[in-house]
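Undergrad: Take this structure, written in structure tokens, and hold onto it; I'll ask about it next.
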Amino acid sequence: MKAKHLVWIRRISQTFFLLLFFLLLIESRLPQDIYLKYSAVLSSEVDLRIGWPVKFFFQLDPLVWLSSLLSGHQLIKGFWWALGLLLLTFSLGRIFCGFICPLGTIHHAVGRIKPALKGERMVRANQKTPSQKVKYFLLITLIIAAIMGLNLVGLMDPISLLFRSLALAIFPGLGVGLKEVFDAMASSDIKILYKLSYTAEVLVSPVFGYGYQAFRTAWFIGLIFLVILFLNRIRPRFWCRVLCPLGALLGLCSRVSILRLEKDFEKCTDCKLCTKGCQGAASPIPGQDWENAECVVCFNCFNACPEDALSFKLRRSRPLNKRPDMGRRAVLGGLAAGFSFPLLGRLDGQVHKISDPRLIRPPGSLPERELLRLCQRCGLCMKVCPTNVINPTLAEAGMAGFWTPHLIMIQGYCEYTCTLCGSVCPTGAIKEISVKEKIERPIIIGSAYVDRGRCLPWSGNAPCIVCHEHCPTSPKAIYLRKDIVPGPNGKPLSVQLPYVDLKKCVGCGICEYKCPVKGRAAIRTIAAGESRSLKNQILLGF
């Protein structure tokens, strides 16, 4: 097949998988008729589910599968796609990087938009450098840490990184910005602007989400993503060459691939056009050893050569004598770091002792140690949450739990009949549960308590029963007792005082979210009493 045809096939494949990734990202949320669907769930116990295979790219990711297997010691449902990709890599090299990876496609595209490097500067930038060993250091670190029981792969895995960045930072940021523009247009006295604002919001909301979404540390997540994109101005596909641990894993597997770059030294005129177009700094020019572990199978070198000195052939042969250049320091450093991170992660005591009382995990979450072994920090559960209550952690779960999901009740609440987060979790860190299991068992994620110093009835400032009205359990976990308390002016005030029945409370947090006391709610939710832990309990024997 001609080189230009291979390049066009690669471009079509890249475009298809990038659009598929965006489609699945957009579809990982409920449609606008959410309240009608909740009514159906309440009346007939129909489980809410996303109709699209939003976990597909995670199931295709061999690094996610391998880390979950090594750390969680279990085979994850649906990850036969990852095994298929590994077999393809053993045959055709890093074809995932060149044809499928959506993050690689974005880097490829960004590097071609008004490139800062041209001519000889581009040739120099595409020469192999020692910095390309860094990704092997990261891979070894992550694999050893996973074996030791600390799964940090999601911090660096390209699929997790891209989904987290777009779902928690870029898309919400664009959505909020556009909604502000639409609101300004709607408030205008010009009728055409009002109509345009309504039409535009109807078109944009299905893409960026309904209402205003905000996620903790979104600015930091977005900044990291933008910096990674900017690095393409320094070196094409900087992430893929230097930092990507999945690329390192696929590079190791590609050593035995049957796809080979054939070089005709006699035809080569040393024009260096092949090196100029190489996306992986794989030394395609005749006279240098081809780095098949670095080649992303973009076929640019094959297409750029005017003398037909290069060609790709399928050939059964022994593995190349030249092994991937990981470097002794990278290997030893990766081993040391891989053993150190799990030990350092246990120093804060968050895993072995009772954790932060505000560390409320989503319903269906595994016990803390098991959750940290499987969670990929991808943000899929946060994106799909209809109330925006699930957010990435900072220090609540310690270093080992950075960016894992937890519930911030002042920002939202856990909908009583919703089990979406577990249905989309790609590794089972949050178990898939039914509405019937959640309500009838019930699954408890925490407990509410009344701050009597801030509660309006208890402090004698005003009558209020908002928490009681919104409590979804039946019978209600928040009950009322009539009493006479001293009012603001010293006169007796008849109020209904709220109490929490811990045997009925499931920790959904709607009472805290709806509490009219601003700043710090007068009724708050803590993780104590969660059903996933036998230690973190309030009532003995409950």
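Undergrad: Condition test on Gly446, is it touching a residue at least 60 places away in the same chain (Cβ under 8 Å), buried (at least 24 other Cβ atoms within 10 Å of the Cβ), farther than 29 Å from Gly78 by Cα and not aromatic (Phe, Trp, Tyr)? Lay out the reasoning, then the answer.
TA: Working: touching a residue at least 60 places away in the same chain (Cβ under 8 Å): yes; buried (at least 24 other Cβ atoms within 10 Å of the Cβ): yes; farther than 29 Å from Gly78 by Cα: yes; not aromatic (Phe, Trp, Tyr): yes.
Criteria met by Gly446.
Undergrad: Out of all the residues in segment 420-479, which are more than 30 Å from Phe163 (Cβ to Cβ) and among the hydroxyl-bearing types (Ser, Thr, Tyr)?
TA: Once the filter is applied, which keeps residues that are more than 30 Å from Phe163 (Cβ to Cβ) and among the hydroxyl-bearing types (Ser, Thr, Tyr), segment 420-479 yields Ser447, Tyr449, Ser459, Thr473, Ser474, Tyr479.
Undergrad: Can you list residue pairs whose Cβ atoms sit under 6 Å apart, with the first residue in segment 76-102 being touching a residue at least 24 places away in the same chain (Cβ under 8 Å) and the second being surrounded by fewer than 17 Cβ atoms within 10 Å (Cβ to Cβ)? Count only pairs 6 or more apart in sequence or on different chains.
TA: If the second residue must be surrounded by fewer than 17 Cβ atoms within 10 Å (Cβ to Cβ), the pairs left are Phe90/Val256; Ser91/Ile258; Phe99/Ser13.
Undergrad: Could you please find all residues in segment 264-276 being crowded, with 21+ Cβ neighbours inside 10 Å and either in contact with a strand residue (DSSP E or B) (Cβ under 8 Å, 6 or more places away or on another chain) or free of Cβ contacts under 8 Å to residues at least 60 places away in the same chain (or both)?
TA: Residue satisfying the conditions is Cys274 alone.
Undergrad: Can you name the residue in segment 73-94 that is assigned to a helix (DSSP H, G or I) and touching a Ser or Thr at 6+ places or on another chain (Cβ under 7 Å) and is also nearest to Leu372 (Cα to Cα) among such residues? Outline the logic, then answer.
TA: Kept after step one, since they are assigned to a helix (DSSP H, G or I), are these residues of segment 73-94: 80-92.
Cutting the leftovers down to touching a Ser or Thr at 6+ places or on another chain (Cβ under 7 Å) gives us 89-92.
Details: Thr89: 29, Phe90: 30, Ser91: 34, Leu92: 34 Å.
Once the filter is applied, the top-ranked residue is Thr89.
Undergrad: Here is a follow-up. Strands (runs of 3 or more DSSP E) wholly in segment 475-531 with at least 3 residues that are at pLDDT below 95 and surrounded by fewer than 18 Cβ atoms within 10 Å (Cβ to Cβ) - which ones? If you could, list the steps in order and put the result at the bottom.
TA: On the way: elements: 478-486, 492-500, 523-526.
The qualifying strands (runs of 3 or more DSSP E) are 478-486, 492-500.
Undergrad: Within segment 123-137, is there a residue that is closer than 25 Å to Leu24 by Cα, in a helix (DSSP H, G or I) and within 22 Å of the chain's Cα centre (by Cα)? Spell out how you get there, then give the answer.
TA: Pass one, segment 123-137, residues closer than 25 Å to Leu24 by Cα: none.
Checked against the condition, which is being closer than 25 Å to Leu24 by Cα, in a helix (DSSP H, G or I) and within 22 Å of the chain's Cα centre (by Cα), segment 123-137 yields no hits at all.
Undergrad: I've got another one for you. Scanning for something assigned to a loop (DSSP other than H, G, I, E, B), of a type in the set (Val, Ile, Thr), crowded, with 17+ Cβ neighbours inside 10 Å and modelled with pLDDT of 90 or more, does segment 45-57 turn up at least one residue? Talk me through it step by step, then tell me what you get.
TA: We begin by selecting, within segment 45-57, every residue assigned to a loop (DSSP other than H, G, I, E, B); these are 45-55.
Now drop any that are not of a type in the set (Val, Ile, Thr), which leaves 46, 50, 54.
Now narrow it down to the ones that are crowded, with 17+ Cβ neighbours inside 10 Å: 50, 54.
Subsequent filtering for residues that are modelled with pLDDT of 90 or more retains 54.
Yes: one or more hits.
Undergrad: On to the next question. Report, by residue number, each residue of segment 166-191 that is free of Cβ contacts under 8 Å to residues at least 24 places away in the same chain and either not assigned by TED's automatic domain parsing to the domain that holds Phe208 or not β-branched (Val, Ile, Thr) (or both). Full working, then the answer.
TA: Of all residues in segment 166-191, those free of Cβ contacts under 8 Å to residues at least 24 places away in the same chain come to 177, 180-191.
Passing the criteria: Gly177, Glu180, Phe182, Asp183, Ala184, Met185, Ala186, Ser187, Ser188, Asp189, Lys191.
Undergrad: Also: Please tell me if Ala248 is part of a helix (DSSP H, G or I) and either farther than 16 Å from Cys378 by Cβ or not hydrophobic (A, V, I, L, M, F, W, C) (or both).
TA: Values: part of a helix (DSSP H, G or I): yes; either farther than 16 Å from Cys378 by Cβ or not hydrophobic (A, V, I, L, M, F, W, C) (or both): yes.
Yes, satisfied.
Undergrad: If a residue must be in contact (Cβ under 8 Å) with a residue 12 or more places away in the chain, part of a helix (DSSP H, G or I) and under 31 Å from the mean Cα position of the chain (by Cα), how many such residues does segment 112-122 contain?
TA: Summing the residues that are in contact (Cβ under 8 Å) with a residue 12 or more places away in the chain, part of a helix (DSSP H, G or I) and under 31 Å from the mean Cα position of the chain (by Cα) in segment 112-122 gives 0.
Undergrad: Just give me the residues in segment 402-431 being out of contact with any Lys or Arg (no Cβ under 9 Å at 6 or more places or on another chain) and either in the same structural domain as Val517 (by TED's automatic domain parsing) or surrounded by fewer than 24 Cβ atoms within 10 Å (Cβ to Cβ) (or both), in sequence order.
TA: Gly412, Glu415, Lys431
Undergrad: Another question, then. For segment 480-513, which positions are on the phi < 0 side of the Ramachandran plot and in contact (Cβ under 8 Å) with a residue 60 or more places away in the chain? Break it down stepwise before answering.
TA: Here is the first cut: in segment 480-513, the residues on the phi < 0 side of the Ramachandran plot are 480-489, 491-506, 508, 510-513.
Result: Cys505, Val506, Cys508, Ile510, Cys511, Glu512, Tyr513.
Undergrad: Kindly provide the set of residues from segment 156-165 that are surrounded by 21 or more Cβ atoms within 10 Å (Cβ to Cβ) and either among the polar types (S, T, N, Q) or over 9 Å from the mean Cα position of the chain (by Cα) (or both), ordered by number. Even if it seems obvious, please write down each step before you answer.
TA: Going through segment 156-165, the residues surrounded by 21 or more Cβ atoms within 10 Å (Cβ to Cβ) turn out to be 157-165.
Correct list: Asp157, Pro158, Ser160, Ser165.
Undergrad: Tell me which of these Val176 doesn't satisfy, since it passes every other one: (1) assigned to a helix (DSSP H, G or I); (2) under 25 Å from Leu374 (Cα atoms).
TA: (2)
Undergrad: Among the residues of segment 259-285, count how many are of a type outside the set (Gly, Ala, Ser), more than 18 Å from Lys118 (Cα to Cα) and under 34 Å from the mean Cα position of the chain (by Cα).
TA: Here the count works out to 1.
Let's see how each residue does on (1) β-branched (Val, Ile, Thr); (2) assigned to a helix (DSSP H, G or I); (3) out of contact with any Phe, Trp or Tyr (no Cβ under 9 Å at 6 or more places or on another chain):
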position: Pro236; (1), (2), (3): no, no, yes
position: Arg241; (1), (2), (3): no, yes, yes
position: Glu262; (1), (2), (3): no, no, no
position: Cys268; (1), (2), (3): no, no, yes
position: Cys271; (1), (2), (3): no, no, yes
position: Thr275; (1), (2), (3): yes, yes, yes
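The values are calculated or read from the model by the stated rules, or taken from the named source; none is laboratory data. Quick caveat, the model's predicted, so the values are computed rather than measured. Virtual Cβ from ideal backbone geometry, glycine too; neighbours counted across all protein chains shown.
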